[in-house]
Amino acid sequence: MKSFLSSFGWILFLALAVFFLLFYNLVYIPRADRIVRQQNEITMWIGQLQEMSDSLKTVQTQWDTAFSVSFSFDELFGGAQDFKVAPSAESLLRTYIPTLQGSTSVIDVVGHAGGNQAPQATADRYPSSWDYAAAGAGAVARRLAAWGVAADRIRVTSFSDSPRAGAGAAPDFRSGNPRVDIVVRNQ
């Protein structure tokens, strides 16, 4: 009887060991693998949320614009390369003077050359597209200051090639068009 109980005990022990190994391999390991995959997916989604948060910060800085208007070089200078504001553009710019004077924020006058190179006709005066864009923005800034906008609030910036962004973006402007943006940001 003792040997029967001893044998039965060993059989029972082996059966429990086989059951434990089957459970471990068929149930526990797949669940652990699923947990690892879920943790990897959670990490991926956290990364996506961080990217989205960074994008929203960029968009919010664009929303901080109180006023924005954009003019092509052709509108402002009538196609001339000397950056003298055309009479039709003067009247158009003057309509924005009360808005600019009423604001206490910095006024950004941003020139965009719209390409990687200044036009060949201006290469002797403006050797780079950055200089070309700065000259256009500077001409507009001088006009604004002459019409009573506080010169210490005007900031001139230039870009050699950049896409249109921000509030008031006109859909017909493309990155290939030279332009000047006048932007007033919220404080």
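Annotation note: Cβ proximity below 7 Å between a residue of segment 124-135 that is touching a residue at least 60 places away in the same chain (Cβ under 8 Å) and closer than 14 Å to PHE83 by Cβ and a residue that is hydrophobic (A, V, I, L, M, F, W, C) and surrounded by 15 or more Cβ atoms within 10 Å (Cβ to Cβ) (sequence gap 6+ or interchain) occurs for no pair. Confirm whether PHE173 is at pLDDT below 90, at negative phi and part of a loop (DSSP other than H, G, I, E, B). Yes, satisfied.
Highlighted here are the helices (runs of 4 or more DSSP H) found entirely within segment 2-93 that include at least 1 residues which are at pLDDT 80 or above, more than 32 Å from the chain's Cα centre (by Cα) and not hydroxyl-bearing (Ser, Thr, Tyr): 2-23, 29-63.
Scanning segment 146-156 for residues that are surrounded by 15 or more Cβ atoms within 10 Å (Cβ to Cβ) and either small (Gly, Ala, Ser) or outside any loop (DSSP other than H, G, I, E, B) (or both) returns ARG153, ILE154, VAL156.
The values are calculated or read from the model by the stated rules, or taken from the named source; none is laboratory data. Keep in mind that this is a model prediction, so the values were computed, not measured. Counting neighbours? That spans all protein chains shown, and the Cβs are built from the backbone with ideal geometry, glycine included.
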